[in-house]
Structure formats: structure tokens, C-alpha cells
Ligand SMILES: [Zn+2]
């Protein structure tokens, strides 16, 4: 195993503050088994990750640092702690204690703090942060964005500082508590239990695989779809907590390392492969879970574009007046998802020619073909296109981004164009990138008559990955 395989993870782990073992798990829930599971996670990660010197010689914490983007635009935050916590300044000195409220205000490039009586507690410059933390595992910290605004609750410790003229708010939270705050927003608490358990393992694995991903911003994950949606305590539900508890510490590995456990809302009947067909997660057919065992499900979405409208979207860099004549799929992956499309742009078509007098633009070379300028600057014989035709290659991902990912739902589509002046029609299946666990499919598999358990669901969508039990009791031994 190469030691540079996870250099970013090593950096992320090594830069963390050193805490005594009892502090390390201070914010962990007291749910049965959770504490021992986290201890086991630390132990197994010490074995799994090649950062042995860092872990054994320094400190490893099974805590996730989550950037809370929803507070970035705020200028003032009110913090509370139940039953109580300590407010530390940038040097780690305790400046206040209790339940608060503490008011933190951004003033230019610094953040000042005031206590409940309005006394100024000090100010930390850009790069530093205030930290609200508790030694009590059950402590819940809350953030309010101003008078009358909703209160948001988090476990763990909160860091608040300024960066680039904006607030940077980070929740440093135990891995299991982090997963409790993810499952509901990502799958919904009403999903079948075994699907929720599969989601818990996927989200836990995804989190570990993300360690150090946003190192320059000071955190591992974002609380948005940039990583996975995390809403803290307000997302916790009994059903989701049970799914976390009953899979505590289980992760998916390949060659002993946590995989990139992507998941998607709806794969459309076949999941997308990794960058290579054998990379985990691989492409998996789950048309049966979409109620279409005999073949691919029918198209789930259709988009119709008049040629001029699609030309406006895709015409960047194309000379004014060129007409979009054709859009053709030229490359797909093993799942059938479109990777590349070729756009054919032709010069404006002249009025119908008078009899016996072909127009200049209809003139052909001696061979009857035309030279076509490609996007890469090469030339190619492509009869019978008119002179001045431009061929452009675009990726399906960029097309989807241009139209809008919630409108152009996936890259699992076909495109048709019945006539020169007719509309371009895109018909597709699925919603999202399509990699890894398909949530709609997982929920269907968990229900009768299939009644898959979470292990079978994970085995289906992460074929080739090993579900790694961290303790003998979890192994059922
Ligand atoms: Zn699916």
C-alpha cells in the first residue's frame, strides 16, 4: 500500500487539535453501542489508512469537520448550549461558560463575541475562530441567524471565524452523530428500515472517504449536496437513529480502504460506472427494482427544444447566424449514459435557389465533400455538409449544467431530431449522477416481495466492495 495514496487525508488528520481521549468523544451520543463503535472505528482506521505514523504517534479522532454553508452570509449569530458549554477564543482560552446566549458578530475580517449581559468577550482575527464546546456528551448547541429566525441545533463543537469577509462556521461532530444528521435529509425517514441501514453505511463510508477533501477551507465535508446534506439534530428521527445504531461502525472497503460510496436518488434502471468499468462502484443493472425486469424502464422525462433555443444555449464561440443542424451522441459509457455529443453547425441557409443556378454556399468540392473545421482544429471529410460547417464536441455533463441539473435530470438519455426545422427531443431516465446506491431502487428492494436486508442491498450496488464489520459482536459472532 503506497503511503502517498491518501496524502490529503494524512494532512487533514495531522493538523487536528490534540485532545485527551476523554475529550475526543465528549460529544458522542450515549446511544447504546455508539461509543464502543467509535472506538472501534478509530482502531480499524488506524489499520486501514496508511497514515500509521500520524495516527499512532499523534492523534486520530473519528470526528468529521462539517462546513455549515447556511450561515456563511450571516453577519451575526446567537449561540446557546443546553445544558451548558465553554466558549474558547482563538488561543483556546475559556472566555465564558454556561448556556449563553453568546452573540458573535462579524466585523470586517474579525469576529467579536459578547456574553448574555452584552459584555464584550474579545475578538478573533481572520484565520482564528471562536469555539463553543462541551464535555457533556448530551449537550446540544444551537445557532440562530438573528431575531425571530429559526434555531438550528448541532452536536459536537462549533467553530466560528471569518474568512474572505464571510463567516466560516464548522461543526466538528462524531462520525455516528454526523450520520444521524445525514440519513433523513438524504433518504427520508419514511424509507424502509433496511434501505435506511444501507444508506447509513453508504453515508458513513462516504464521510470517511472525504476526510481532508476541503482541507484549504478547514473542513472535510460541506453540509450540502457538494458532499451530502447534513442538518444536525433537527434531521434526527427514531427510524434513522435505529438504522445508524444497527449498522454502527460498518463501512465499505476495497483493498482495506473506504470506497467513494456515492449514492443517487434515481439511477433510471442502471447505475453509472466509475472512471473505469471495474472501479467501485461499478455499473449495476437494477431495472427490476424500477419495476421493469424485462428491460430498461420507459423514459421518465422528456425535454423539447426548438433548434434556435438549443442553439442559444450551446452557441458560445460559434459565429453569429450559424444554425444548429444536428445533435448526435458520439460516446457513451457502459451504462449507456452519454459522455459526448457532436453538434453540427451550418451557415445560414439561403432562400431556395432559382432553377439551374446553384448558390455559392451549395458549391461542393471535386469529391462532393466539404472540409469541416473541428473543435480541436483538425479537419475531416464529412459529406454532404455545406462549406463552413462547424462540428463541435460537448460533454453531456456540460449540456446538463447549461440547461440546469434539476431540469436536465441525468445523462442517461437519447436525442432525436425528426426534421431540419423540428425540435430536438431529449428523452431520459433517472435523476442525478447515477453512481452507487440508487435510493429508489434500494427502497424497492427492501420491500416485499424481495425484502432484501441492507447487506444484500449494499452487495447489489457496491459489487466488489467488502462490508467491514468492526467488532465481533457486529459480525454476529
Ligand atoms: Zn436504480
Matching residues in segment 455-472 - criterion: being crowded, with 20+ Cβ neighbours inside 10 Å and within 16 Å of the ligand (Cβ to nearest atom): 457, 458, 460, 461, 462
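Could you list all residues from segment 140-181 that are outside any strand (DSSP E or B) and surrounded by fewer than 21 Cβ atoms within 10 Å (Cβ to Cβ)? First the steps, then the outcome.
Our first condition is that a residue be outside any strand (DSSP E or B); within segment 140-181, this holds for 145-150, 155-156, 164-165, 175-181.
Result: 145, 146, 147, 148, 149, 150, 164, 165.
Considering every residue within segment 398-406, establish whether at least one is at positive phi and surrounded by fewer than 18 Cβ atoms within 10 Å (Cβ to Cβ). Step through it out loud before you land on a result.
First, pick out the residues of segment 398-406 that are at positive phi: 404.
Now restrict to residues that are surrounded by fewer than 18 Cβ atoms within 10 Å (Cβ to Cβ): 404.
Yes: segment 398-406 contains one or more residues that are at positive phi and surrounded by fewer than 18 Cβ atoms within 10 Å (Cβ to Cβ).
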Does residue 452 satisfy the condition of being more than 28 Å from the chain's Cα centre (by Cα), at pLDDT 95 or above and surrounded by 17 or more Cβ atoms within 10 Å (Cβ to Cβ)? no
Some residue of segment 161-177 being in contact with a strand residue (DSSP E or B) (Cβ under 6 Å, 6 or more places away or on another chain) and at positive phi: no
Just give me the residues in segment 199-228 being surrounded by fewer than 18 Cβ atoms within 10 Å (Cβ to Cβ) and under 24 Å from residue 443 (Cα atoms), in sequence order. 224, 225, 226
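Of the residues 73, 105, which is touching a residue at least 12 places away in the same chain (Cβ under 8 Å), on the phi < 0 side of the Ramachandran plot, within 33 Å of the chain's Cα centre (by Cα) and part of a loop (DSSP other than H, G, I, E, B)?
Numbers: 105 fails: part of a loop (DSSP other than H, G, I, E, B).
That would be 73, the only listed residue that is touching a residue at least 12 places away in the same chain (Cβ under 8 Å), on the phi < 0 side of the Ramachandran plot, within 33 Å of the chain's Cα centre (by Cα) and part of a loop (DSSP other than H, G, I, E, B).
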Close pairs (6 angstrom Cβ cut-off, 6 or more residues apart or separate chains): in contact (Cβ under 8 Å) with a residue 40 or more places away in the chain and over 13 Å from residue 193 (Cβ atoms) in segment 426-454, assigned to a helix (DSSP H, G or I) and more than 10 Å from the ligand (Cβ to nearest atom) anywhere: 437/202; 439/187
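Any idea which residue in segment 407-425 is surrounded by the fewest Cβ atoms within 10 Å (Cβ to Cβ), counting only those that are away from the ligand (no atom under 16 Å from the Cβ) and under 30 Å from residue 198 (Cβ atoms)? Quick ask: steps written out before the conclusion?
Here is the first cut: in segment 407-425, the ones away from the ligand (no atom under 16 Å from the Cβ) are 407-408, 414-425.
With the extra rule that they be under 30 Å from residue 198 (Cβ atoms), the set shrinks to 407-408.
Working: 407: 9, 408: 19.
It comes out as 407.
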Under the condition of being near the ligand (Cβ under 10 Å from one of its atoms) and under 13 Å from residue 433 (Cα atoms), which residue from segment 255-291 is surrounded by the most Cβ atoms within 10 Å (Cβ to Cβ)? 267
For segment 281-301, enumerate the residues that are in contact (Cβ under 8 Å) with a residue 40 or more places away in the chain, more than 19 Å from residue 397 (Cα to Cα) and not in a loop (DSSP other than H, G, I, E, B). 289, 290
Evaluate segment 302-322: report whether one residue or more is outside the structural domain of residue 207 (by TED's automatic domain parsing), under 26 Å from residue 450 (Cα atoms), more than 15 Å from the ligand (Cβ to nearest atom) and part of a loop (DSSP other than H, G, I, E, B). no
Some residue of segment 191-210 being in contact with a helix residue (DSSP H, G or I) (Cβ under 9 Å, 6 or more places away or on another chain), closer than 28 Å to residue 448 by Cα and in a loop (DSSP other than H, G, I, E, B): yes
Any pair with Cβ under 6 angstrom, 6 or more apart, that starts in segment 380-407 at a residue that is more than 19 Å from residue 310 (Cβ to Cβ) and ends at one that is modelled with pLDDT under 95 and not in a strand (DSSP E or B): 381/369; 383/368; 383/369; 386/361; 387/370; 388/347
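The values are calculated or read from the model by the stated rules, or taken from the named source; none is laboratory data. Model, not experiment: these values are computed from the prediction. Reconstructed Cβ throughout: ideal geometry from the backbone, glycine too, with neighbour counts over all protein chains shown.
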